[in-house]
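> Can you read through this structure? Questions will come right after.
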Amino acid sequence: MTPGRRPRLAVALGDPRGIGPEVVGKALTSAPLGADVVAIGADEQVAGIPAIAKLGVGSWKRGSGEWGVVPSAPSGTTPHSQADVERAAGKIAADSIRRAATLALTHEVDAVVTGPVNKAALHAAGVRHPGVTELLGELAGGLESVMMLVAGELRVVLITTHLPLREVPNALTRERVERVGRIAADGLRRWWGLKTPRLVLCALNPHAGEGGLFGDEDARVLAPAARALGAAGPLPADTVFVRALKGEFDVVLAPYHDVGMTAVKVAGFGRGVNVTLGLPFVRTAPDHGTAFDIAGMNKADAGSMRAALELAQLLAARNTPQV
């Protein structure tokens, strides 16, 4: 970003049926933010967000439905089906993310913050990616993107993300581990200013395989990858996150989604942040989902969204655009 200018954040509100618009509004009004915000989302929802610019990507009219706010059918027509609602919600969420990414890629904003989305809705709208992390990688020109979760001093990078557990061992190749580790190290150097990041691999199997008794992936795949990366491990999941919290490591490379996500949420539920590494711009998001069950009730906690905004602001100030 240009020296001397306030960071500018593109904030996509997420699924319009969920708590995204609510937590963005609460997070921006809870205390002054040292950044300017461009709000992007459904026309009616961005109108209520305090921002220097409000970019609507489609109408989302209030009506009745199973999940909070749904589009109202025009008078005299058949009400929208659940499939119609899902597709419409996914399109608004996806279009908001695409618009935010375009602003970042053209250097009109310094970072992107995304509200919670529903993956089934994104898929219904034609997004053929496991999640937002992978979608952003495609929008950035086919770059491989990596998901990092941050809760205070704990940083966790997921080697595999949204996969059925039975598919993880085959996806956990040495090449993939090393690739993700290098992206993680580059991100820590670039955005956190760590000249020599201390990486550690979390084991896949109980007790890191116990010498092959509980599986050979740790010795056969993770240990050689750790040596190639100059990382510690693989260390058992029941101790590695505790050691990282005590400051022994800068980032834990977790082999699958839930082992990493669980550690982060236990360490800092309500203040965790999702950071995408490997992109030419900063992207953060809260560590929670759409919470359809409480949408529209003014019950949502905005702590994680506030943390996502503050981290985006901090990292944007350190970011030098890659042209």
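The values are calculated or read from the model by the stated rules, or taken from the named source; none is laboratory data. Just so you know, these numbers come straight off a predicted model, no measurement behind them. Here the Cβ is made from the backbone with ideal geometry for all residues, glycine too, and neighbour counts use every protein chain on show.
> Give the residues of the range 248-268 that are of a type outside the set (A, V, I, L, M, F, W, C) and either surrounded by fewer than 23 Cβ atoms within 10 Å (Cβ to Cβ) or under 16 Å from the mean Cα position of the chain (by Cα) (or both), sorted by residue number. First the steps, then the outcome.
Step one: of the range 248-268, the residues of a type outside the set (A, V, I, L, M, F, W, C) are 248, 250, 255-258, 260, 262, 265, 268.
Passing the criteria: E248, D250, Y256, H257, D258, G260, T262, K265, G268.
> Right, another one. Only one residue in E217, E153 is among the acidic types (D, E) and either in contact with an Asp or Glu (Cβ under 7 Å, 6 or more places away or on another chain) or without any contact (Cβ under 8 Å) to a residue 60 or more places away in the chain (or both), so which one is that? I'd like the intermediate steps shown before the answer.
On the way: E153 fails: either in contact with an Asp or Glu (Cβ under 7 Å, 6 or more places away or on another chain) or without any contact (Cβ under 8 Å) to a residue 60 or more places away in the chain (or both).
Just a single option satisfies the conditions, and that option is E217.
> Among A83, A39, A51, A27, which is the only one that is in a helix (DSSP H, G or I) and either in contact with a helix residue (DSSP H, G or I) (Cβ under 6 Å, 6 or more places away or on another chain) or modelled with pLDDT of 85 or more (or both)? Talk me through it step by step, then tell me what you get.
Numbers: A83 fails: either in contact with a helix residue (DSSP H, G or I) (Cβ under 6 Å, 6 or more places away or on another chain) or modelled with pLDDT of 85 or more (or both); A39 fails: in a helix (DSSP H, G or I); A51 fails: in a helix (DSSP H, G or I).
Just one listed residue meets the conditions, A27.
> Consider R166 against the criteria (1) under 17 Å from the mean Cα position of the chain (by Cα); (2) at pLDDT 90 or above; (3) surrounded by fewer than 19 Cβ atoms within 10 Å (Cβ to Cβ): it satisfies all of them except one. Which criterion is unmet?
Failing condition for R166: (1).
> When you go through V117, V127 one by one, which is the residue that is closer than 23 Å to G270 by Cα, part of a loop (DSSP other than H, G, I, E, B) and of a type in the set (A, V, I, L, M)? Let's see the steps before the verdict.
On the way: V127 fails: closer than 23 Å to G270 by Cα.
Every option except V117 fails the conditions.
> If you don't mind, another one. Among (1) touching a helix residue (DSSP H, G or I) at 6+ places or on another chain (Cβ under 9 Å); (2) outside any loop (DSSP other than H, G, I, E, B); (3) surrounded by fewer than 23 Cβ atoms within 10 Å (Cβ to Cβ), there is one condition R271 misses while meeting the rest; what is its number?
The failed condition is (2).
> What pairs can you find where one residue is in the range 100-125 and touching a residue at least 40 places away in the same chain (Cβ under 8 Å), the other is assigned to a helix (DSSP H, G or I) and basic (K, R), and their Cβ atoms are less than 6 Å apart, with a gap of 6+ or different chains?
Pairs that qualify, where the first residue is touching a residue at least 40 places away in the same chain (Cβ under 8 Å) and the partner is assigned to a helix (DSSP H, G or I) and basic (K, R), are A124/R87.
> Any idea which of (1) more than 24 Å from A285 (Cα to Cα); (2) buried (at least 19 other Cβ atoms within 10 Å of the Cβ) is the one A184 doesn't satisfy?
Failed condition: (1).
> Can I ask one more? Could you list, in sequence order, the residues of the range 101-121 that are more than 15 Å from the chain's Cα centre (by Cα) and either farther than 22 Å from A317 by Cβ or not assigned by TED's automatic domain parsing to the domain that holds A83 (or both)? Let's see the steps before the verdict.
The first filter runs over the range 101-121 and keeps only residues more than 15 Å from the chain's Cα centre (by Cα), leaving 102-110, 120-121.
Listed by number, the residues that qualify are A120, A121.
> I'm trying to understand the selection: among the residues of the range 187-209, which are surrounded by fewer than 20 Cβ atoms within 10 Å (Cβ to Cβ) and within 20 Å of the chain's Cα centre (by Cα)?
First pass over the range 187-209, keeping only residues surrounded by fewer than 20 Cβ atoms within 10 Å (Cβ to Cβ): 189-196, 198, 206-207.
Result: R189, R190, W191, W192.
> Further question: Pick from the range 130-147 the residues that are part of a helix (DSSP H, G or I) and of a type in the set (D, E): which of them is surrounded by the most Cβ atoms within 10 Å (Cβ to Cβ)? Give the steps one after another, and end with the answer.
Going residue by residue through the range 130-147, those that are part of a helix (DSSP H, G or I) are 132-139.
Now drop any that are not of a type in the set (D, E), which leaves 134, 138.
Values: E134: 18, E138: 14.
Once the filter is applied, the top-ranked residue is E134.
> Give me the pairs, please: first residue somewhere in the range 167-185 and free of Cβ contacts under 8 Å to residues at least 24 places away in the same chain and in the same structural domain as A254 (by TED's automatic domain parsing), second residue anywhere and surrounded by 20 or more Cβ atoms within 10 Å (Cβ to Cβ) and assigned to a helix (DSSP H, G or I), beta-carbon distance under 7 Å, and either six or more positions apart or on two chains.
Once the first residue is free of Cβ contacts under 8 Å to residues at least 24 places away in the same chain and in the same structural domain as A254 (by TED's automatic domain parsing) and sits in the range 167-185, no partner that is surrounded by 20 or more Cβ atoms within 10 Å (Cβ to Cβ) and assigned to a helix (DSSP H, G or I) comes close enough.
> Please verify whether F241 is in contact (Cβ under 8 Å) with a residue 40 or more places away in the chain, touching a Pro at 6+ places or on another chain (Cβ under 8 Å), crowded, with 19+ Cβ neighbours inside 10 Å and of a type in the set (F, W, Y), treating the condition exactly as stated. So that I can check it myself, show each step before the final result.
Details: in contact (Cβ under 8 Å) with a residue 40 or more places away in the chain: yes; touching a Pro at 6+ places or on another chain (Cβ under 8 Å): no; crowded, with 19+ Cβ neighbours inside 10 Å: yes; of a type in the set (F, W, Y): yes.
Answer is no for this residue.
> Moving on to the next point. Report, by residue number, each residue of the range 274-296 that is assigned to a loop (DSSP other than H, G, I, E, B) and more than 20 Å from W192 (Cα to Cα). Steps first, answer last, please.
Of the range 274-296, the ones assigned to a loop (DSSP other than H, G, I, E, B) are 278-281, 287-291, 295-296.
Once the filter is applied, which keeps residues that are assigned to a loop (DSSP other than H, G, I, E, B) and more than 20 Å from W192 (Cα to Cα), the range 274-296 yields H288, G289, T290, A291, A295, G296.
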